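A.B. asks: Starting off with a structure, shown below.
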Amino acid sequence: MNITVWGINYAPELTGIAPYNTALCEHLQRQGHTVRMVTSFPYYPAWKKSVADSGRFCRTDEVNGVSVHRCWHYVPGRPGTLKRILHEASFVASSLIRLLRLPRPDVFVVVSPPLLLGAAAWLLTRVKPAPVVFHVQDMQPDAALGLGMLKPGLFMRMLYALEAFAYARSARVSAISGDMLKAMAAKGVPVAKLICFPNGVTLPETQPAAGAFRARHGLRADDFVAVYSGNLGVKQGLEILIEAAARVAHPRMQLVICGDGAMRPRLEERIREQKLCNVRLLPLQDEAHYLEMLVDADVTLVTQQAGSGAFFFPSKLLRSLALARPVLTVADESSELARALTEGGFGVNVPPGHADELARVLDELAVQPERLQGYGVAGRRFVAQFEQGKVLREFTAHLTVLGAAAGTRERAKCECEVAG
């Protein structure tokens, strides 16, 4: 099959949606399909393009057998609500122009956010007919409302209308978690159209040697190291980590926050204000150093802002579990993240806004190595269901069926036209 994947993030971006778009495209290519990825120039999570990419309208790269078509988009230095809208709209417009010049595929896989890609995909298929799988990584309208980033009103109604339009005009709608699928069904999406396509993870057979990360950053063997790694954005609710670091009692507690994003300047300011010596703010790590950091972590941290837990699922969790790391989450008790933790038994959850409790739990875990080991073993057992090869094979099977059905309809249409 010829498959076009359309989404704003791709390699070499190391975090967020990009690794999962990259894994999908490279898996499809290895299975013998012809794959085109239509995406942006790398910018995330630093919200900054490289100097070499600045001002370029398009470029085509060949990356591990995948044809990657990069399109210009506006990247704001400080992404507020209006600037994010312009950022996403610019990519939708430039990539739509690019797609009009590319061959028609058998299937489109459209990755949201941006939400506007759903309407753009419908417009594109008026010219280049092919079934669309609308894959949702983040239910933007619900998340924005839950986080207080947007208020109820005309604009929210417009976003929900765009969302409903995308769902209705797509042949299939996929999402990364069960809660998201339930929310879609509640919005009227037929269950027969829904596909569960969770983000996957590679389960390593071996681990990097312990100690390299600690040695590189001056951390002692007896330090208790708690690590957060990923996007430093609003919906992660990361200020609670700074508040908890100021309250912990354990003398060897070290909190590592690793990544980039819109909230990084605010976190730096809070660390300076409170003169915290037990918090380290590091840049995003490359793959090898990231793995070394996880191996050297006593516990990994996964945080969500209150009110957002039903509308996205933090897939960074899976990497920690794959390396048998115990997890401490900050999430609403009703969120899928908190329920997964309870089901899997791989850590402890603290509700958002309870910095004192988070500090208390960190102090407890620091002196309970057997408890941590048990969480790690349970997590490795739980994460097996998200093994990347399995997840990708199941999704590819859906694409194959959809593409075959579309091909059959196209041939029948041609035969009718010939007969007529």
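The values are calculated or read from the model by the stated rules, or taken from the named source; none is laboratory data. Please read all numbers here as calculations on a predicted model, not as lab measurements. When we count neighbours, we look across all protein chains shown, and the Cβ atoms used for this are built from the backbone with ideal geometry, even at glycine.
A.B. asks: Among all residue pairs at least 6 apart or on different chains, which show Cβ distances below 7 Å where the first residue, located in segment 387-398, is more than 13 Å from Ile3 (Cβ to Cβ) and surrounded by 14 or more Cβ atoms within 10 Å (Cβ to Cβ) and the second is at pLDDT below 95 and hydroxyl-bearing (Ser, Thr, Tyr)?
C.D. replies: Gln388/Thr202
A.B. asks: Now, a different point. Within segment 219-261, can you find the residues that are closer than 30 Å to Ala18 by Cβ and assigned to a loop (DSSP other than H, G, I, E, B)?
C.D. replies: Leu219, Leu232, Gly233, Gly237, Leu238, Gly261
A.B. asks: Tell me yes or no: at least one residue of segment 19-38 is part of a loop (DSSP other than H, G, I, E, B), on the phi < 0 side of the Ramachandran plot and at pLDDT 90 or above.
C.D. replies: Within segment 19-38 (the criterion being part of a loop (DSSP other than H, G, I, E, B), on the phi < 0 side of the Ramachandran plot and at pLDDT 90 or above), the answer is yes, since at least one residue qualifies.
A.B. asks: A further question follows. Filter segment 234-273 down to the residues that are charged (D, E, K, R), closer than 25 Å to Leu291 by Cα and surrounded by fewer than 20 Cβ atoms within 10 Å (Cβ to Cβ) and list them by number.
C.D. replies: Answer for segment 234-273, where residues must be charged (D, E, K, R), closer than 25 Å to Leu291 by Cα and surrounded by fewer than 20 Cβ atoms within 10 Å (Cβ to Cβ): Glu239, Arg252, Glu268.
A.B. asks: Search segment 296-320 for residues being among the hydrophobic types (A, V, I, L, M, F, W, C) and modelled with pLDDT under 95, and hand back the single one that is farthest from Val383 (Cα to Cα).
C.D. replies: Looking at the filtered set, the residue picked out is Ala306.
A.B. asks: Out of Leu317, Leu321, Leu291, Leu337, which single residue is farther than 29 Å from Arg84 by Cα, within 19 Å of the chain's Cα centre (by Cα), aliphatic (A, V, I, L, M) and buried (at least 23 other Cβ atoms within 10 Å of the Cβ)?
C.D. replies: Criteria check complete, one pass: Leu321.
A.B. asks: With the structure loaded, tell me whether Pro208 is part of a loop (DSSP other than H, G, I, E, B) and either under 23 Å from the mean Cα position of the chain (by Cα) or at pLDDT below 95 (or both) or whether it fails that test.
C.D. replies: yes
A.B. asks: Exactly one condition in (1) modelled with pLDDT under 95; (2) touching a helix residue (DSSP H, G or I) at 6+ places or on another chain (Cβ under 6 Å) is false for Leu392; which is it?
C.D. replies: (1)
A.B. asks: Take segment 164-191 and flag every residue that is part of a loop (DSSP other than H, G, I, E, B) and without any contact (Cβ under 8 Å) to a residue 40 or more places away in the chain.
C.D. replies: Lys187, Gly188, Val189, Pro190
A.B. asks: Could you tell me which residue of segment 178-204 is nearest to Val107 (Cα to Cα), considering only residues that are modelled with pLDDT under 90 and surrounded by 15 or more Cβ atoms within 10 Å (Cβ to Cβ)?
C.D. replies: Here the answer is Asp179.
A.B. asks: From the list Arg280, Arg339, Arg319, Arg325, which one is touching a His at 6+ places or on another chain (Cβ under 8 Å) and either in a loop (DSSP other than H, G, I, E, B) or on the phi < 0 side of the Ramachandran plot (or both)?
C.D. replies: After ruling out the rest, the residue left standing is Arg280.
A.B. asks: Still on this model: If you check every pair at least six apart or on different chains, which have Cβ atoms under 8 Å apart with a residue in segment 246-274 that is without any contact (Cβ under 8 Å) to a residue 24 or more places away in the chain first and a residue that is outside any loop (DSSP other than H, G, I, E, B) second?
C.D. replies: Glu268/Leu281
A.B. asks: Okay, moving on. Quick test of your reading of the structure: Trp72 fulfils all but one of (1) in contact with a Phe, Trp or Tyr (Cβ under 8 Å, 6 or more places away or on another chain); (2) surrounded by fewer than 19 Cβ atoms within 10 Å (Cβ to Cβ). Name the failing condition by number.
C.D. replies: (2)
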